[in-house]
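Everything below concerns the one structure shown next.
The values are calculated or read from the model by the stated rules, or taken from the named source; none is laboratory data. It should be emphasised that the depicted structure is a prediction, and the values quoted were computed from it without experimental measurement. No Cβ is skipped: glycine too gets one built from the backbone with ideal geometry, and neighbour counts run over all protein chains shown.
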Amino acid sequence: MTKTLKGIAASDGIGIARAYCLVAPDLSFQTKTIADSASEVKRLEQALQAATSDLTQIRDKTLANLGQDEAAVFEAHMAILADPDMVGQIKELITTKMINAEAALQTVTDQFITIFDGMTDNPYMQERSADVKDVTKRVLSHLLNRPLPDPALIDEPVIIVAHDLTPSETAQMNRQFVKGFLTDLGGRTSHSAIMSRTLEIPAVVGTENATQEITTGMSLIVDGLDGLALVTPTATELAQFKHQAQEFVQERATWQKLRRVPTVSQDGKHVVLAANVGTPDDSNGAVAAGAEAIGLFRTEFLYMNSDQLPSEDAQFVAYKKVVMAMHGKPVVIRTMDIGGDKPLTYLPLPKEMNPFLGYRAIRISLDRQEIFRTQLRALIRAANYGEIRIMFPMIATLDEFRAAKQIFNEEQQRLVASGVSVAKKIQLGMMVEIPAAAISADQFAKEVDFFSIGTNDLIQYTFAADRGNEHVSYLYQPYNPTLLRLIQHVITAAHKEGKSVAMCGEMAGDRLAAPLLLGMGLDEFSMSATSILRVRSQMKQLKTTDWAKIANQAIQHCQTNQEVKQLVERHLQA
Ligand code: PEP
Ligand code: MG
């Protein structure tokens with residue numbers, strides 16, 4: 001019988017395939033005395049061999065799909081398995097203590113891990129400790145006959161079912177085979193959800209129990225339009241969803257003719273539809289998807305996809321690549337927003353009770369200025385190649401903005417003094433994603449060149465609801481009049497000073513929010529590139545004057561998220 005799971009629609013589209021559960025198996029075991037050490041050593045050797053054979057396959061696939069750097073990790077794992085010293089010690093323990101291979105393996109590898117962890121002055125060796133842990137798990141999984149999931153080895157269509165996915169795990173999925181994502185945790189604006197939209201893979205997140213209800217191989221439908229998953233669907237349901245999936249693909253195809261036209265409302269108002277990107281390579285996709293600008297380049301992915309702080313030159317190359325790909329169209333580059341749900345392995349941050357309220361983004365940049373200055377120099381140099389605008393994340397106070405601007409000015413002057421040519425004027429703006437900044441937008445507007453409203457965080461902070469926590473996802477209320485009032489205040493304050501306002505939170509691409517935002521006077525809408533043509537097609541049908549009245553009604557007379565939602569739906573249908 002079909003079981004239906006309800007979750008949060010995180011990425012449009014319908015995926016139909018068998019489930020592939022990315023769930024770590026239980027690798028617990030008991031230490032046992034054995035009678036025959038020779039056969040136990042043989043069992044160990046077989047497990048080592050099987051683990052080596054897994055790693056060889058994973059290394060080869062990674063090399064082919066992702067490249068040398070990513071494959072190097074698995075080379076290192078193979079080297080550990082082949083280490084005669086470690087393997088010799090495990091065998092010796094089996095023979096002298098007459099204990100099972102699992103216990104001997106764990107005892108010896110634990111010793112290596114303790115030694116590596118203790119090398120506090122040698123980060124390279126400390127990292128080897130994580131490798132030994134990984135390898136131990138793999139060998140244990142063979143000894144216990146409980147296979148580890150290996151997404152790199154997927155070679156048929158699947159839907160990935162996981163408790164949670166990190167943004168980098170999501171980014172590494174092979175689009176050819178991964179037809180959908182289904183997770184227990186997460187919200188619409190968690191970074192793995194944003195990544196699944198970039199990859200155009202249908203996703204439903206926050207189901208709470210998908211990994212308990214589903215095992216690998218079960219037949220599955222993921223409906224990323226309505227936030228549903230059907231486990232072991234009937235033939236009739238399969239046929240119905242296949243039909244819906246086709247309709248969606250066809251609708252998407254009809255939007256293609258809008259790729260190169262400007263975004264103009266029915267009554268002639270032009271707004272800019274821009275793309276949010278995470279890597280320099282995404283900018284080509286953004287142009288192909290019809291973007292008129294890059295409204296948000298999340299530079300933290302440059303830092304996350306590296307095993308050390310990226311150098312000024314490496315960053316310069318990345319920023320130059322983005323700006324060149326846009327051929328003169330504006331590119332808003334946000335300085336790094338590390339922290340929150342985006343940690344860096346090589347930059348240990350303090351353990352915090354509330355990372356989203358903690359040491360992150362501009363707070364780190366103003367504190368660890370050498371990191372910030374390096375990034376600013378790379379940005380200033382790259383601005384010679386096109387229209388780069390720099391944006392600071394998580395600004396709460398005017399002092400923070402002024403301090404960031406001061407550091408920018410110093411680095412610009414230093415570059416000029418050392419003979420580097422720099423663009424005459426680089427616009428400096430800020431994210432409005434903390435309620436304090438939104439409330440005092442009138443004061444900020446006098447000092448910034450532009451605003452970009454980050455509703456993913458602005459909503460989480462306004463309603464005090466963690467954006468990745470499915471238990472409070474009902475408080476992600478983009479239509480709530482409280483939020484609309486804040487947004488209207490920011491737009492009005494900016495326009496009074498002649499400054500433009502963009503929105504780069506996910507709300508900008510929302511089917512029901514976009515008409516209201518048009519009515520409220522938003523200048524630029526920046527979203528996942530895959531949403532641009534849908535919104536452009538929608539904008540063509542809207543009259544700004546009508547939506548100004550509807551937005552005003554929502555702000556003045558509605559009281560709840562639901563009331564505004566119904567008001568907008570009524571008018572869209574009319
Ligand atoms: C936001 O907070 O709305 C935003 C666009 O930034 P991020 O999702 O990277 O926090
Ligand atoms: Mg944010």
- Message: Among the residues of region 93-110, what is the count of those that are under 37 Å from the mean Cα position of the chain (by Cα) and either among the aliphatic types (A, V, I, L, M) or not assigned by TED's automatic domain parsing to the domain that holds Leu81 (or both)?
- Response: 1
- Task: Would you check which residues across region 469-497 are over 11 Å from Thr455 (Cα atoms) and either of a type in the set (S, T, N, Q) or not assigned by TED's automatic domain parsing to the domain that holds Leu516 (or both) and list them?
- Result: Asn469, Ser473, Asn480, Thr482, Gln488, Thr492
- Message: So in region 337-348, with the set limited to residues that are part of a loop (DSSP other than H, G, I, E, B) and within 16 Å of ligand 1 (Cβ to nearest atom), which one is modelled with the highest pLDDT?
- Response: Asp337
- Message: Looking at region 139-156 only, could you name the residues that are part of a helix (DSSP H, G or I) and either within 19 Å of Gln30 (Cα to Cα) or in contact with a Gly (Cβ under 8 Å, 6 or more places away or on another chain) (or both)?
- Response: Val139, Leu140, Ser141, His142, Leu143
- Kindly indicate the residue of region 460-469 that is within 10 Å of ligand 2 (Cβ to nearest atom) and not polar (S, T, N, Q) and also farthest from Met507 (Cα to Cα) among those meeting that condition. Tyr461
- Query: Are there any strands (runs of 3 or more DSSP E) wholly within region 217-322 with 2 or more residues that are over 24 Å from Arg381 (Cβ atoms), and if so which?
  - Reply: 219-223, 228-231, 270-277
- Message: Can you go through Ala253, Ala286, Ala239, Ala235 and tell me which one is out of contact with any Pro (no Cβ under 9 Å at 6 or more places or on another chain), buried (at least 21 other Cβ atoms within 10 Å of the Cβ) and either assigned by TED's automatic domain parsing to the domain that holds Asp523 or free of Cβ contacts under 8 Å to residues at least 12 places away in the same chain (or both)?
- Response: Ala286
- Any pair with Cβ under 9 angstrom, 6 or more apart, that starts in region 335-361 at a residue that is under 17 Å from Ser306 (Cβ atoms) and assigned by TED's automatic domain parsing to the domain that holds Met430 and ends at one that is of a type in the set (D, E, K, R) and more than 10 Å from ligand 1 (Cβ to nearest atom): Gly339/Glu352; Gly339/Arg363; Thr345/Glu127; Thr345/Asp307; Tyr346/Glu127; Tyr346/Asp307; Leu347/Arg368
- Task: Identify the single condition in (1) over 18 Å from Ser526 (Cβ atoms); (2) free of Cβ contacts under 8 Å to residues at least 60 places away in the same chain that Leu458 does not satisfy, given that it satisfies every other one.
- Result: (1)
- What's the number of the condition Met326 fails, among (1) within 19 Å of Asn276 (Cβ to Cβ); (2) in contact with a Leu (Cβ under 6 Å, 6 or more places away or on another chain); (3) away from ligand 1 (no atom under 16 Å from the Cβ)? (2)
- Subset of region 118-132 [at pLDDT 80 or above and either among the aromatic types (Phe, Trp, Tyr) or farther than 30 Å from Gly180 by Cα (or both)]: Gly118, Met119, Arg128, Ser129, Val132
- Task: Scan region 57-68 residue by residue and report those that are surrounded by 13 or more Cβ atoms within 10 Å (Cβ to Cβ) and without any contact (Cβ under 8 Å) to a residue 40 or more places away in the chain.
- Result: Arg59, Asp60, Leu63
- Is it true that Val322 is away from ligand 2 (no atom under 16 Å from the Cβ) and not basic (Lys, Arg)? yes
- Restricting region 500-534 to residues that are among the β-branched types (Val, Ile, Thr) and buried (at least 24 other Cβ atoms within 10 Å of the Cβ), the one farthest from the chain's Cα centre (by Cα) turns out to be Val501
- Within region 398-449, count every residue that is outside any helix (DSSP H, G or I), more than 16 Å from ligand 2 (Cβ to nearest atom) and closer than 22 Å to Gly505 by Cα. 5
- Query: Here is a list of conditions, (1) loosely packed, with under 15 Cβ neighbours inside 10 Å; (2) charged (D, E, K, R); (3) under 18 Å from Ile294 (Cα atoms), and Asp449 meets all of them except one; can you say which number that is?
  - Reply: (1)
- What about Thr136, is it assigned by TED's automatic domain parsing to the domain that holds Met218, surrounded by 20 or more Cβ atoms within 10 Å (Cβ to Cβ) and in a helix (DSSP H, G or I)? no
- Is region 18-25 home to any residue that is β-branched (Val, Ile, Thr) and more than 36 Å from the chain's Cα centre (by Cα)? no
- Among Pro393, Pro355, which is the only one that is closer than 17 Å to Asp337 by Cβ, modelled with pLDDT under 95 and either surrounded by 14 or more Cβ atoms within 10 Å (Cβ to Cβ) or among the basic types (Lys, Arg) (or both)? Pro355
- Do you know which residues across region 319-334 are more than 16 Å from the chain's Cα centre (by Cα) and buried (at least 21 other Cβ atoms within 10 Å of the Cβ)? Tyr319, Val322, Val323, Met326, Val331, Val332, Ile333
- Query: Is it the case that region 385-393 has a residue that's within 16 Å of ligand 1 (Cβ to nearest atom), in the same structural domain as Asp449 (by TED's automatic domain parsing), assigned to a loop (DSSP other than H, G, I, E, B) and within 25 Å of Asp164 (Cα to Cα)?
  - Reply: no
- State whether the residues of region 508-521 include one that is within 16 Å of ligand 2 (Cβ to nearest atom), modelled with pLDDT of 95 or more and within 15 Å of Arg536 (Cα to Cα). yes
- Identify the residue in region 416-437 that is small (Gly, Ala, Ser) and surrounded by fewer than 23 Cβ atoms within 10 Å (Cβ to Cβ) and, among all such residues, is farthest from ligand 1 (Cβ to nearest atom). Gly419
- Task: Among the numbered conditions (1) surrounded by fewer than 22 Cβ atoms within 10 Å (Cβ to Cβ); (2) within 16 Å of ligand 2 (Cβ to nearest atom); (3) hydrophobic (A, V, I, L, M, F, W, C), tell me where Val472 comes up short.
- Result: (2)
- Message: Just to be sure I understand the filter: pairs with C-beta atoms under 6 Å, separated by 6 or more residues or on different chains, first member in region 175-203 and within 15 Å of Gly7 (Cβ to Cβ), second member hydrophobic (A, V, I, L, M, F, W, C) and part of a helix (DSSP H, G or I). Which pairs pass?
- Response: Leu182/Ala210; Asp184/Ala210; Gly186/Ala193
